[in-house]
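Okay, so here's the structure we're looking at.
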Amino acid sequence: MEAYRELHGKLLSEGDEDPSLKKTIKFLIIQTDEFLVYIDTNLEIQWDHSNKVNTGEEFGLVLNRVAYLESSARFINDSNSLLSIKRLIAEGIARYLAFSSIKLSSDIHDLVEAQIKEMNIKTSWNWYFDAAYWLTFSCLIIWGLIWLERDFVTLHIGRIGFEVILGGLIGSIGAIISIISRGDKINLDANAGKAIHLTEGIARIIVGIAGASLVALAYEGGILFSGLKFQGNQFAVLLTLAIVAGTSERLVPSLISKVEDIPLTK
């Protein structure tokens, strides 16, 4: 290939079409007489170079890193954020073409990898926690409405049914406490997609509600703490146990084991 300027007769500008690759330049990273690196209008990284540029085997390692970084950043939907990331990745290519130094390329790719990881965590947490927060908020709204209409609800489903329902709904608070307290231990990856994060966030709250409902039933049925006498309001005790059940990952399994051990009578 001839020198880049000699091949195309002129240097290209943003908005021009690259005659070699037939791509329109959106953001120009660098161009010299020998090579060109830019981001096209589809936010894809493009490059071209003459035979005078010594790429060699190390350039293959640079391109491997580029492919990995682009794959890691596929969760980014915002065009401005994606363009910023692609610019940094493209700068790594430009560093190698300009200086034939894999170290200079790796240095900037290390920085962009750390930035992608940080954005990945932030994005996945937002999806996961937003789903959990909204479901918890909805449960509390329903809880309040049932409480305001407690006389009507109690009349139709009875006191025990009323208390079990409220106990189950209040378990969402325990579930959200559990999520917040274990936030730094939750392994999330935004590249798995938004839907799976929303599903996991909702599922964790539902598990808390189900566990709290089971504990409320067991308490009302005399299976749980039947040998103990609590001072104060018994409904408040039930709600406290329901919140703990929503938080705890061990209380409900232990309750299930206890029920399984109860001997069946003829």
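Please work out which one of (1) within 30 Å of ASN126 (Cα to Cα); (2) more than 28 Å from the chain's Cα centre (by Cα); (3) at pLDDT below 85 is the condition LEU239 fails and give its number.
(3)
So which residues in region 112-126 are touching a Gly at 6+ places or on another chain (Cβ under 9 Å) and either open to solvent by less than 40 Å² (accessible area, probe 1.4 Å) or of a type outside the set (Phe, Trp, Tyr) (or both), if there are any at all?
Passing the criteria: only VAL112.
Looking only at region 1-21, which residues are acidic (Asp, Glu) and either at pLDDT below 85 or under 14 Å from ALA94 (Cβ atoms) (or both)?
Keep residues of region 1-21 that are acidic (Asp, Glu), which gives 2, 6, 14, 16-18.
Within region 1-21, GLU2, GLU6 meet the criteria.
Identify all residues within region 97-125 that are within 18 Å of THR55 (Cα to Cα), touching a residue at least 40 places away in the same chain (Cβ under 8 Å) and part of a helix (DSSP H, G or I); write none if there are none.
Selection gives LEU97, ALA98, ILE102, SER105, SER106, HIS109.
So which residues in region 22-38 are farther than 17 Å from ALA94 by Cα and either among the hydrophobic types (A, V, I, L, M, F, W, C) or touching a strand residue (DSSP E or B) at 6+ places or on another chain (Cβ under 9 Å) (or both), if there are any at all? Give the derivation first.
Step one: filter region 22-38 for residues farther than 17 Å from ALA94 by Cα, giving 22-24.
LYS23, THR24 - these are the residues of region 22-38 that are farther than 17 Å from ALA94 by Cα and either among the hydrophobic types (A, V, I, L, M, F, W, C) or touching a strand residue (DSSP E or B) at 6+ places or on another chain (Cβ under 9 Å) (or both).
Yes or no, residue by residue, for (1) over 30 Å from LEU83 (Cα atoms); (2) among the β-branched types (Val, Ile, Thr):
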site	(1), (2)
LEU104	no, no
ILE108	no, yes
LEU111	no, no
GLU118	no, no
THR123	no, yes
ASN126	no, no
ALA131	no, no
SER138	yes, no
ILE141	yes, yes
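For region 172-187, what are the residues that are open to solvent by less than 80 Å² (accessible area, probe 1.4 Å) and among the charged types (D, E, K, R)?
ARG182
Under 9 Å between Cβ atoms, which residue pairs at least 6 apart in sequence (or on different chains) link something in region 126-151 that is in contact (Cβ under 8 Å) with a residue 40 or more places away in the chain with a partner that is of a type in the set (D, E, K, R) and open to solvent by 100 Å² or more (accessible area, probe 1.4 Å)?
Sorted first by the residue in region 126-151, then by its partner, the pairs are TRP127/LYS194.
Where residues in region 35-84 are within 28 Å of the chain's Cα centre (by Cα) and of a type in the set (Phe, Trp, Tyr), which of them is modelled with the highest pLDDT?
Taking the candidates together, the pick is TYR68.
Going through ARG65, ARG95 one at a time, which residue ends up being out of contact with any Ser or Thr (no Cβ under 6 Å at 6 or more places or on another chain), more than 30 Å from ALA175 (Cβ to Cβ) and open to solvent by 50 Å² or more (accessible area, probe 1.4 Å)? I'd like the intermediate steps shown before the answer.
Values: ARG95 fails: out of contact with any Ser or Thr (no Cβ under 6 Å at 6 or more places or on another chain).
Result of the check over ARG65, ARG95: ARG65.
Can you tell me which residue in region 9-62 is most open to solvent (accessible area, probe 1.4 Å), limited to those that are assigned to a helix (DSSP H, G or I) and charged (D, E, K, R)?
Here is the first cut: in region 9-62, the residues assigned to a helix (DSSP H, G or I) are 56-62.
Retained after the next criterion (residues that are charged (D, E, K, R)): 57-58.
Working: GLU57: 163, GLU58: 81 Å².
Residue satisfying both the conditions and the ranking: GLU57.
The values are calculated or read from the model by the stated rules, or taken from the named source; none is laboratory data. Only a predicted model underlies this, so the values are computations on that prediction, with no experimental measurement involved. So basically every Cβ, Gly included, is an ideal-geometry build from the backbone, and we count neighbours across all protein chains shown. Calculation scope for accessible area: heavy atoms of the full protein, side chains included, ligands and nucleic acids excluded. Shrake-Rupley method; radii C 1.70, N 1.55, O 1.52, S 1.80 Å.
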